[in-house]
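Worksheet: one structure, shown below.
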Amino acid sequence: MDNAYNNEDIKIKIEKVSVEGCGVIILTGPSSCGKGEIAKELRRLLSISDDRHLSMGDILRNTIDKARNNQSFREKLSNDYHISDEISVFDSEHDGVAIYPKAKKYENDLKKFFNDQDIITQLDWLEFCVANGLLIPDSWTVNIINATFEQSDDFGKNIYILDGYPRTIKAAEELINVTLKMNVPIIKVIHLSITKNEMMKRALGRNRMDDDVVSLERRYQFYVDHVQPSIDYLKEQLGSDKVDLIDAHQPIYNSQNEIDLEKSVRQVAIDVLQSLGLPSYLLSVGSKS
């Protein structure tokens, strides 16, 4: 009897793997490139707990919410991070060249956003920037992200996903400095790439209040002017083997010729896993937990 078999008939499906060690995987790219969805899929496939996914947007929003509702933290934010809920953002003596001129440019928008309240504070400016996709002062983001690392009990003991940070060359420089100081390696920088048209299509399809054509144009230009150079800086400092460009638009269609979002996200995640060194034959787009 012929016992020969064809290797092509064998399909190995690995639904999860477990990673050990410490380090940071950075996810970066333009607005609406799918950083959050890819991070979620990586957490599932690599068995990384939710608390080890650090989204810069979530960190900033949590910082604002906590400051609004917790007096002791509000005082800490003012004393340690120099983001006050009492000092006006239009106080040039306190805000200087880093904030005042830009806040002045958006003065009318700020008054409208905060319903013409008497004083627009530094904390208000932080909230306005987060809500509208504007650049947060580097000194603020650096302090907040460094504090997040330092306050974590197991940063430096496990694998973390850092989503949406750094966004400027200065922030990238500070990130390298703090990871070196804490002896935490940057494992890989994943640059998720989509076209401007695809970014617009995705963002406008979300129906979020801050997703209008003008703000999206501003966000994409911000990506070109600031995020892209920060990625180039990381490649220069870490080496080209540490930075991988991944196509974040890989649509997979179902039988009704509609995009299967789950499978499409998983396909991008598989490319990311391959860039991290996991062989492609160990994964299947159709696998589910």
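The values are calculated or read from the model by the stated rules, or taken from the named source; none is laboratory data. Please read all numbers here as calculations on a predicted model, not as lab measurements. Cβ placement follows ideal geometry from the backbone for every residue including glycine, while neighbour counts extend to all protein chains displayed.
Numbers for the structure displayed
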{"quantity": "Tally, over the stretch 199-246, of residues that are over 11 Å from residue 31 (Cβ atoms) and of a type in the set (Asp, Glu)", "calculated": "6"}
{"quantity": "Any chance residue 177 is surrounded by fewer than 18 Cβ atoms within 10 Å (Cβ to Cβ), modelled with pLDDT of 90 or more and of a type outside the set (A, V, I, L, M)", "calculated": "yes"}
{"quantity": "Any hit, the stretch 91-100, residues being touching a helix residue (DSSP H, G or I) at 6+ places or on another chain (Cβ under 7 Å), without any contact (Cβ under 8 Å) to a residue 12 or more places away in the chain and either farther than 30 Å from residue 190 by Cα or in the same structural domain as residue 219 (by TED's automatic domain parsing) (or both)", "calculated": "yes"}
{"quantity": "Of all residues in the stretch 145-175 being small (Gly, Ala, Ser) and touching a residue at least 40 places away in the same chain (Cβ under 8 Å), the one that is nearest to residue 55 (Cα to Cα)", "calculated": "164"}
{"quantity": "Total residues in the stretch 107-146, condition in contact with a helix residue (DSSP H, G or I) (Cβ under 9 Å, 6 or more places away or on another chain) and assigned to a loop (DSSP other than H, G, I, E, B)", "calculated": "8"}
{"quantity": "Top-ranked residue of the stretch 246-273 - restricted to ones that are among the charged types (D, E, K, R) and more than 21 Å from residue 231 (Cα to Cα), ranked as farthest from the chain's Cα centre (by Cα)", "calculated": "258"}
{"quantity": "Count of residues meeting criterion [surrounded by 16 or more Cβ atoms within 10 Å (Cβ to Cβ), polar (S, T, N, Q) and part of a helix (DSSP H, G or I)] in the stretch 22-69", "calculated": "1"}
